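Student: My questions will all concern the structure given below.
The values are calculated or read from the model by the stated rules, or taken from the named source; none is laboratory data. Source: prediction; values computed, not measured. Here the Cβ positions follow ideal geometry from the backbone for every residue, glycine too, while neighbour counts run over all protein chains shown.
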Amino acid sequence: MTHIGFYLRDIHFNQKTGQLSFQKGPIQKTLIFQDGGLIFARTSVPEERLGEVLHKIGKISSDVLSSLPQLIQTGKMMGEVLVQKKIISQKDLYDGLMAQMNAITLSLFNHFDAEMIFRPRERFLDYDFEFKMNVPLLIERGIREMEFHPFLKSFFEDKMAVLKGKTNIHMLTEDEKDFLHQINGKTAGEAYLVSQVDTPDQLWKTLYLFYCLDLIDVRLAERPKKKDVRKEEAQKVEIKAEPRPKAEPISKAEPPKKAEVRQEEKPKGAAAKASEAPPAGLQAKIDEALELKSRIPEMDYYQILGVSRQTPEAEIKKAYFQLARKFHPDLFGRGVTPEIKAQIEELFDYITKSYRVLTSKDQKPTVATKSTAVIRDDDRDKSKNAEIRFRQGKTLMSQGRYEEAVMFLEQAVRFNDNKGDYYLLLAMAESKVLALSHKAERDFLRAIELEPWNAEGHVGLGVLYKREGLLKRAKKEFERALEIEAGHKVARTELKELGEESEQKKGLKGFFSKDLFGSKKK
């Protein structure tokens with residue numbers, strides 16, 4: 001199968017350098033890679049050329065766009081001229097080039113029958129180029145937005161998936177992570193439909209996403225060996241030809257042996273899940289959570305967090321972190337019933353509410369107030385509605401319908417504006433929509449404020465800053481994530497990449513002086 005996803009996977013994860021050419025009819029596009037990173041793109045589609053892109057993202061006016069043919073000098077690239085004439089800033093040019101590479105690459109994902117050729121080359125530049133697109137992010141967005149194609153089914157249906165790595169697992173939804181964890185290297189094709197994947201089409205797209213993000217590898221499924229009918233018949237003839245041995249008399253002292261009783265087959269599928277009790281460790285955690293939940297009505301905010309009225313705020317925060325890491329609903333996975341999960345979520349709401357009250361100057365109680373005094377029926381109704389909207393938004397996120405997901409998640413935070421995971425998912429959805437980048441930043445910050453113990457908010461914000469070219473801010477967020485969770489692999493990887501990129505950064509001058517990409521007016 002010839003598809004951009006295969007090429008991006010191979011080029012990025014094998015750190016290749018070269019030129020990828022795409023042609024379908026009159027449409028021609030070229031992607032330039034260095035060390036696995038996309039550093040430049042050109043196109044024959046007028047709407048995807050740099051001038052049009054700069055106009056589309058609001059960097060130049062319509063008048064400037066129409067005058068570009070007169071402005072561009074022979075032998076010079078458009079971006080270089082616009083910066084020299086101070087029509088745009090270097091930051092504007094950066095934004096334009098990144099948006100152009102993004103648009104050109106994403107437009108390729110719906111084509112499965114185009115001619116594509118990758119030509120390896122020596123490194124174009126002797127330093128790491130500043131304009132480098134996040135290829136895994138392009139893969140994720142492109143596959144989520146593309147239409148299903150039958151080639152995906154034909155590629156996966158006779159193959160077994162094998163887990164490979166976890167570098168880009170943070171790009172998956174929770175349902176996709178659950179699906180990924182079911183992959184065992186022993187199941188192929190539509191057998192995976194028993195998972196959380198909604199439809200067959202979504203199954204093949206999700207497997208393709210895993211494959212292109214290098215989370216899985218595939219190998220041909222072993223086919224059962226065909227029976228040799230002739231050999232079996234010959235064996236039957238031989239058996240019939242043998243004389244029967246004389247039956248030995250059965251000793252009266254030894255009763256005849258009973259036929260072996262076949263062990264009862266274990267239930268399969270959903271029945272198996274229902275019959276299996278949670279592992280001992282998980283059951284102990286569940287029992288501890290439910291025991292604490294049963295005592296909540298008689299406890300005040302201090303008792304819930306296990307602190308005294310004289311405890312300083314820093315220690316209150318520390319106590320909250322410890323309880324949050326212990327009783328956050330997500331830590332219990334899918335091995336609990338909906339009823340138990342609802343109780344754990346309610347317990348976590350009490351813990352969070354206690355922290356809010358005890359660290360707020362306006363709400364901090366002067367007497368030992370029972371925690372249940374401020375959780376009324378109307379609050380419960382709002383929480384229920386918020387949870388419904390949150391789950392709807394989560395489903396839309398898993399389908400790549402980000403703008404629709406934003407609508408539902410905004411409703412969720414309106415019903416309940418004290419849930420950090422609501423704001424975190426909202427910010428992640430907004431970060432997928434270019435026009436909502438600033439709002440994504442605000443909501444990431446709100447998620448961090450609500451759940452300061454959760455490193456994911458800092459990681460998400462760091463990835464957003466990195467995409468926007470704010471590398472110093474990105475570095476700080478990844479460092480903060482590691483302060484919270486020292487072993488966070490994504491934060492470590494991103495921080496390492498930022499360190500490597502910053503060592504040998506160069507300006508635009510060296511790049512524009514090289515004739516790498518053909519015509520300089522495109």
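Student: Considering the stretch 44-55 alone, what residues qualify as being part of a loop (DSSP other than H, G, I, E, B) and more than 13 Å from Gly96 (Cα to Cα)?
Tutor: Ser44, Val45
Student: Let me spell it out: the conditions are (1) buried (at least 18 other Cβ atoms within 10 Å of the Cβ); (2) under 15 Å from Phe118 (Cα atoms); (3) not charged (D, E, K, R), and Thr43 meets all of them except one. Which number is the exception?
Tutor: (2)
Student: Limited to the stretch 367-404, what total is found for residues that are at pLDDT 80 or above, assigned to a helix (DSSP H, G or I) and in contact with a Lys or Arg (Cβ under 8 Å, 6 or more places away or on another chain)?
Tutor: Of the residues in the stretch 367-404, 3 are at pLDDT 80 or above, assigned to a helix (DSSP H, G or I) and in contact with a Lys or Arg (Cβ under 8 Å, 6 or more places away or on another chain).
Student: Moving on to the next point. I'm told Gly58 meets every condition in (1) among the small types (Gly, Ala, Ser); (2) under 24 Å from Leu434 (Cα atoms); (3) assigned to a strand (DSSP E or B) except one. Can you identify the failing condition by its number?
Tutor: Single failed check for Gly58: (3).
Student: Ok, one more. State which residue is surrounded by the fewest Cβ atoms within 10 Å (Cβ to Cβ) when the search covers only the stretch 79-107 and only residues that are farther than 18 Å from Ser66 by Cα and free of Cβ contacts under 8 Å to residues at least 24 places away in the same chain.
Tutor: Gln84
Student: Related question: Considering only the stretch 3-16, I want to know if a residue exists there that is buried (at least 17 other Cβ atoms within 10 Å of the Cβ) and over 28 Å from the mean Cα position of the chain (by Cα).
Tutor: Checked the stretch 3-16: no residue is buried (at least 17 other Cβ atoms within 10 Å of the Cβ) and over 28 Å from the mean Cα position of the chain (by Cα).
Student: If you check every pair at least six apart or on different chains, which have Cβ atoms under 9 Å apart with a residue in the stretch 135-157 that is within 11 Å of Cys212 (Cβ to Cβ) first and a residue that is surrounded by fewer than 20 Cβ atoms within 10 Å (Cβ to Cβ) and β-branched (Val, Ile, Thr) second?
Tutor: Filtered contacts from the stretch 135-157: Pro136/Thr167.
Student: I need the full set of residues from the stretch 146-159 which are at pLDDT 85 or above and not aromatic (Phe, Trp, Tyr), in order please.
Tutor: Residues satisfying the conditions are Met146, Glu147, His149, Pro150, Leu152, Lys153, Ser154.
Student: Same structure again: Any idea which residue in the stretch 4-43 is nearest to Lys164 (Cα to Cα), counting only those that are without any contact (Cβ under 8 Å) to a residue 60 or more places away in the chain and in a loop (DSSP other than H, G, I, E, B)?
Tutor: That would be Asn14.
Student: Do you know which residues across the stretch 405-438 are within 17 Å of the chain's Cα centre (by Cα), part of a loop (DSSP other than H, G, I, E, B) and either surrounded by 15 or more Cβ atoms within 10 Å (Cβ to Cβ) or not assigned by TED's automatic domain parsing to the domain that holds Lys384 (or both)?
Tutor: Lys432, the sole residue that qualifies.
Student: Can you say whether Arg325 is of a type in the set (Lys, Arg) and either at pLDDT 85 or above or not in a helix (DSSP H, G or I) (or both), as far as the supplied structure shows?
Tutor: Considered against the rule, which asks whether it is of a type in the set (Lys, Arg) and either at pLDDT 85 or above or not in a helix (DSSP H, G or I) (or both), Arg325 comes out as no.
Student: Please enumerate the residues belonging to the stretch 58-78 that are surrounded by 17 or more Cβ atoms within 10 Å (Cβ to Cβ) and either over 29 Å from Phe22 (Cβ atoms) or not basic (Lys, Arg) (or both).
Tutor: Hits for the stretch 58-78 are Ile60, Val64, Leu68, Ile72, Met77, Met78.
Student: Does any residue in the stretch 450-472 that is not assigned by TED's automatic domain parsing to the domain that holds Tyr355 come within less than 6 Å, Cβ to Cβ, of a residue that is crowded, with 20+ Cβ neighbours inside 10 Å and of a type in the set (Phe, Trp, Tyr) six or more places away or on a different chain, and which pairs are these?
Tutor: Gly457/Phe444; Gly460/Phe444; Leu461/Phe444; Gly462/Phe478
Student: Now for a separate question. Output the number of residues of the stretch 128-164 satisfying the condition of being outside any helix (DSSP H, G or I) and over 24 Å from Val490 (Cα atoms).
Tutor: Of the residues in the stretch 128-164, 8 are outside any helix (DSSP H, G or I) and over 24 Å from Val490 (Cα atoms).
Student: Which numbered condition in (1) modelled with pLDDT under 90; (2) outside any loop (DSSP other than H, G, I, E, B); (3) under 27 Å from Leu426 (Cβ atoms) is the only one that Thr167 fails?
Tutor: (2)
Student: Mind listing just one residue for me: the one in the stretch 47-57 that is closer than 27 Å to Pro120 by Cα and out of contact with any Leu (no Cβ under 8 Å at 6 or more places or on another chain) and, of those, surrounded by the most Cβ atoms within 10 Å (Cβ to Cβ)?
Tutor: Glu48
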